[in-house]
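Everything below concerns the one structure shown next.
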Amino acid sequence: MASEDELMMMHDAATDDGESFDDDFYSGGDAHDDDDDSDDDDVMDYDFIDNDSDDSDNLIAHHRSQSNYSILNEADIHKCQEESITKVSTVLSISRVAAGILLRHYNWSVSKVNDEWFADEGKVRRIVGLLENPLPLPDGVELTCGICFDVYPRNEISAAACGHPFCLTCWQGYISTAITDGPGCLMLRCPDPSCSAAIGLDMIKKLANNEDKKKYNRYFIRSFVEDNRKTKWCPAPGCDYAVDYIVGSGSYDVTCGCSYSFCWNCTEETHRPVDCGTVSKWILKNSAESENMNWILANSKPCPKCKRPIEKNQGCMHITCTPPCKFEFCWLCLGPWTDHGERTGGFYACNRYEAAKQEGVFDESEKRREMAKNSLERYTHYYERWATNQSSRQKALSDLQQMQTVNLEKLSDKQCQPESQLKFITEAWLQIVECRRVLKWTYAYGYYLPEHEHAKRQFFEYLQGEAESGLERLHQCAEKELQGYLDAESPSKEFNEFRTKLAGLTSVTRNYFENLVRALENGLSDVDAHGAYSRAASSKSLGGGNIKGKGGRGKGTTSRSSSSRNIDDSGHWSCEYCTYANVRSATVCQMCQQRR
């Protein structure tokens with residue numbers, strides 16, 4: 001099954017420049033002012049990325065509109081390495097082998113190499129193991145190997161820049177062992193214990209076997225990514241692409257050449273508008289044993305004797321602990337069963353418990369158990385909705401693939417419409433996929449929203465509810481109502497009305513999610529100190545505000561109220577609250593029920 005971004009690429013490839021999907025997912029569909037693009041660089045807009053390339057073997061020109069990252073394949077990485085080596089070699093007037101050793105030591109930072117070298121060249125040479133004046137092999141027709149101490153002809157002896165002689169067999173064994181041990185072979189030094197001369201790529205090519213050369217080259221290539229602070233590997237399984245990112249340029253959302261989208265900062269899947277810290281805590285909580293302990297506390301009691309947790313699985317209050325303990329006690333009061341009989345209320349009602357509870361004997365343990373139960377129920381509430389939206393998103397991706405590969409052509413034949421006129425359906429499904437992702441992470445956000453901030457929680461749940469409600473309407477329309485037209489035997493007269501409705505729902509849902517994303521990224525700042533939010537915020541929450549610029553903080557924002565009552569050329573009027581296009585005769589918006 002194709003991944004989500006492959007589906008997006010299929011959509012992009014079939015879209016003309018003049019009719020492409022919104023350049024910015026959270027743009028509201030209006031043109032941006034040039035001035036706005038330079039403002040609020042700390043919050044970047046999300047956009048669907050076109051991953052198409054005329055030549056997949058070339059460097060993937062995979063830049064976002066902000067051009068804050070690019071995708072590199074192995075050939076591109078090698079090219080970048082060679083360029084860096086050439087720069088250092090030219091500026092410092094040293095060999096390419098020496099330049100490679102320096103760059104590897106300073107994590108492929110050309111500026112760092114230049115700064116350190118010109119600050120104290122001698123110190124750098126000592127640290128890295130570069131001799132200023134290489135030493136030749138000792139004189140003699142035959143030389144003794146410094147490892148096996150056998151005598152060999154001069155042509156069977158080799159040495160690094162330090163001149164220490166070793167036979168070819170020992171060199172090969174030494175290099176092979178180092179390469180087998182891992183990437184540490186890139187910092188290989190002379191086998192002589194008293195020598196720190198570096199072993200460069202020229203020695204590896206000369207002395208290592210073919211298999212070891214391949215391994216060494218892979219380590220060398222990978223070091224450029226793994227040691228470089230602005231380059232990371234794509235975390236998708238089996239992907240060999242790397243992402244070169246301009247640190248401090250804004251949004252961390254990137255899409256690799258393999259079509260996997262992830263956050264460059266934490267390498268988890270894209271999670272905007274939730275920050276990386278919240279995502280990390282949420283993922284850790286989902287995989288941690290803490291919830292198991294909460295379940296134990298909420299649904300079991302410790303044996304009064306051995307303290308092992310016991311789950312009650314029958315109706316009787318007479319509990320017997322498992323061997324070797326075998327202690328018999330009352331589930332209600334945790335007292336010995338020998339103290340229980342008809343005089344204490346019978347086997348199914350222990351009045352001693354109520355008396356003890358009134359005396360406060362069980363207050364602490366019951367309080368702890370109740371807290372654990374409440375905590376577990378709260379976590380379950382948010383996790384279920386997080387997981388449900390994830391599964392809904394996967395299903396939407398599957399439906400989108402089916403739509404693009406099969407159903408669009410089928411619908412085109414059934415409704416006598418060219419496929420170019422059915423792009424509104426693909427755009428609706430792309431909207432659903434992205435909104436499911438955003439909605440999923442808002443539940444993680446809600447879980448960590450402090451309980452005492454009631455006003456923020458109320459505002460958050462209102463925005464989330466409005467967005468989720470809009471998404472459900474859109475999803476149902478795209479999923480169920482569309483099916484009727486796919487099953488139709490002949491063209492339907494209502495198809496154009498369906499087009500208007502689905503396009504309107506797509507626009508409305510986008511507006512709702514614009515407001516939700518902006519509010520969360522701004523820390524719900526629209527809520528004032530007294531727990532109320534301003535009329536402007538209320539208006540925006542209904543989808544009436546148009547987000548411009550990168551932060552959506554009001555610069556370049558225009559109101560729809562001045563033009564919302566005007567009827568367009570097609571005889572529709574646009575609702576000032578949700579922008580839905582209603583028929584001329586309607587006095588109430590069919591989408592949000594607001595009066596005209």
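Within segment 567-596, if we keep just the residues that are open to solvent by 20 Å² or more (accessible area, probe 1.4 Å) and outside any loop (DSSP other than H, G, I, E, B), the residue that is modelled with the lowest pLDDT turns out to be Ile567.
For the subset of segment 181-203 comprising residues that are farther than 22 Å from Asn107 by Cβ and free of Cβ contacts under 8 Å to residues at least 24 places away in the same chain, which member is most open to solvent (accessible area, probe 1.4 Å)? Once the filter is applied, the top-ranked residue is Pro193.
A search for C-beta distances below 6 Å between a residue of segment 487-500 that is under 13 Å from Lys414 (Cα atoms) and of a type outside the set (Val, Ile, Thr) and any residue that is open to solvent by 50 Å² or more (accessible area, probe 1.4 Å) and in a loop (DSSP other than H, G, I, E, B), counting only pairs 6+ apart in sequence or on different chains, returns Pro491/Cys416. Of everything listed in (1) under 48 Å from the mean Cα position of the chain (by Cα); (2) open to solvent by 60 Å² or more (accessible area, probe 1.4 Å); (3) of a type outside the set (Ser, Thr, Tyr), the single unmet condition for Asp150 is (1). Within segment 90-121, count every residue that is open to solvent by less than 70 Å² (accessible area, probe 1.4 Å) and closer than 19 Å to Asp227 by Cβ. Matching residues across segment 90-121 total 17. Check Thr338 against each of (1) in contact with a strand residue (DSSP E or B) (Cβ under 8 Å, 6 or more places away or on another chain); (2) of a type in the set (S, T, N, Q); (3) modelled with pLDDT of 80 or more and name the one condition it does not meet. Of everything listed in (1) in contact with a strand residue (DSSP E or B) (Cβ under 8 Å, 6 or more places away or on another chain); (2) of a type in the set (S, T, N, Q); (3) modelled with pLDDT of 80 or more, Thr338 misses just condition (3). Of the listed requirements (1) assigned by TED's automatic domain parsing to the domain that holds Ala99; (2) open to solvent by 20 Å² or more (accessible area, probe 1.4 Å); (3) in contact (Cβ under 8 Å) with a residue 24 or more places away in the chain; (4) under 30 Å from Tyr252 (Cα atoms), Asp240 misses just one: (1). If you scan segment 118-161, which residues turn out to be in contact with a Pro (Cβ under 8 Å, 6 or more places away or on another chain), closer than 19 Å to Met203 by Cα and either among the β-branched types (Val, Ile, Thr) or assigned to a loop (DSSP other than H, G, I, E, B) (or both)? Selection gives Leu137, Pro138, Cys145, Gly146, Ile147, Ile157, Ala159, Ala161. For beta carbons closer than 7 Å, sequence separation of 6+ or different chains, a first residue in segment 115-130 that is in the same structural domain as Ala98 (by TED's automatic domain parsing) and a second that is of a type in the set (Gly, Ala, Ser), the qualifying pairs are Val128/Ala198; Gly129/Ser196; Gly129/Ala197; Gly129/Ala198; Leu130/Ala98; Leu130/Ala198. The set of residues in segment 179-205 that are within 18 Å of Ala99 (Cα to Cα) and among the charged types (D, E, K, R) comprises Arg189, Asp202, Lys205.
Among the residues examined, Asn374 qualifies as assigned by TED's automatic domain parsing to the domain that holds Gln483, open to solvent by 50 Å² or more (accessible area, probe 1.4 Å), modelled with pLDDT under 85 and in a helix (DSSP H, G or I).
Within segment 204-224, count every residue that is of a type in the set (Val, Ile, Thr) and surrounded by 19 or more Cβ atoms within 10 Å (Cβ to Cβ). Spell out how you get there, then give the answer.
Initial filter on segment 204-224 (of a type in the set (Val, Ile, Thr)): 204, 221.
With the extra rule that they be surrounded by 19 or more Cβ atoms within 10 Å (Cβ to Cβ), the set shrinks to 204.
So the answer is 1.
Count of segment 163-180 residues, restricted to those that are open to solvent by less than 30 Å² (accessible area, probe 1.4 Å) and aromatic (Phe, Trp, Tyr), is 2.
The values are calculated or read from the model by the stated rules, or taken from the named source; none is laboratory data. Please read all numbers here as calculations on a predicted model, not as lab measurements. Cβ: placed from backbone, ideal geometry, glycine included. Neighbour counts: every protein chain shown. For accessibility, only protein heavy atoms count, side chains too; no ligands or nucleic acids. Shrake-Rupley method; radii C 1.70, N 1.55, O 1.52, S 1.80 Å.
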